[in-house]
1. Could you work out what % of the accessible surface of the chain is carbon and sulfur, using a 1.4 angstrom probe and leaving DNA, RNA and ligands out of the count?
2. Could you tally the net charge around MET21, taking each other residue with its Cβ under 13 Å from the Cβ of MET21, Lys/Arg +1 and Asp/Glu -1?
3. May I ask you to evaluate 6.51 cos²θ - 1.76 cosθ + 1.60, the Karplus curve with θ = phi - 60°, for each residue of segment 63-72 and list the ³J(HN,Hα) values in order in whole Hz, giving x for glycine and proline?
4. What would the Debye formula give as log10 I(q)/I(0) at q = 0.16 Å⁻¹ for the alpha-carbon point model of the chain, no solvent?
5. Helix 38-48 sits at what angle to the longest principal axis of the chain, using alpha carbons and giving 0 to 90 degrees rounded to 10?
6. Taking θ = phi - 60°, what integer Hz values does the Karplus form 6.51 cos²θ - 1.76 cosθ + 1.60 yield along segment 150-156, in sequence order, with x for Gly and Pro?
Amino acid sequence: FVPKTPFVSSPRSVNSLSMAMERTYIMIKPDGVQRGIVGNIISRFETKGYKLVAMKTRMATKELLEKHYADLTSKPFFPKLRDYMLSGPVVSMVWEGKEAVSTGRKMLGATNPLESAPGTIRGDFCIEVGRNICHGSDSVENANKEIALWFDESEVLDWESHSQSWLYE
Ligand code: ADP
């Protein structure tokens, strides 16, 4: 079933058809899930205008984390980071839109929550770097790798949003 567009006044978009859309991997860490901040984080990305193209709740595994944090495995804090990430369910999401990767990072705030500006997710909801409630891809290349790591291809959906022409000129 394909619904008819309800508003004929919807502005037609030319640019958005050719605009390069990015996808970013956003993950709510176990503390974000335990503390009931999942809805707030989803709401921020949703009301910003980004499109949710994949989401699931799952337990991470050692193998996934070693790949996801491949550049950090030699750091002294890695064992603690791995245990923290294995301490409960995570929520994995893929959000799509214009400059979703860099904007997603801005919305998350700095790695150290005490250096994150108020108004960012980490700035508003947490205190310590080892309990910073969320992850966001730091480059388009890493986003693509992380999406492929945490999701099967069939779990990431292409769908047309009716808001598109109200969000993009
Ligand atoms: P980001 O998550 O902002 O991309 P990094 O990739 O540098 O930051 O680090 C990944 C995660 O590792 C951080 O979000 C944080 O949970 C943890 N981490 C980073 N540095 C430290 C540290 N010095 N002590 C404890 N945990 C850390």
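1. On the way: 5390 of 10080 Å².
Looking at the chain in its full context, I get 53 percent from C and S.
2. Values: positive: ARG23, LYS51, LYS98; negative: GLU22, GLU96, GLU99, ASP158, GLU160.
Once positives and negatives cancel, what remains is -2.
3. 5, 4, 5, 5, 7, 4, 9, 3, 6, 10
4. For the requested q values the scattering log ratios are -0.96.
5. Around 40 degrees separate the two axes.
6. 8, 10, 6, 3, 5, 8, 9
The values are calculated or read from the model by the stated rules, or taken from the named source; none is laboratory data. As the structure is a computational prediction, the values presented were derived from the model and not from experiment. Note that we place each Cβ from the backbone using ideal geometry, even for glycine, and neighbour counts take in every protein chain shown. These area figures cover heavy atoms from the full protein model, side chains too; ligands, DNA and RNA do not enter into them. Shrake-Rupley method; radii C 1.70, N 1.55, O 1.52, S 1.80 Å.
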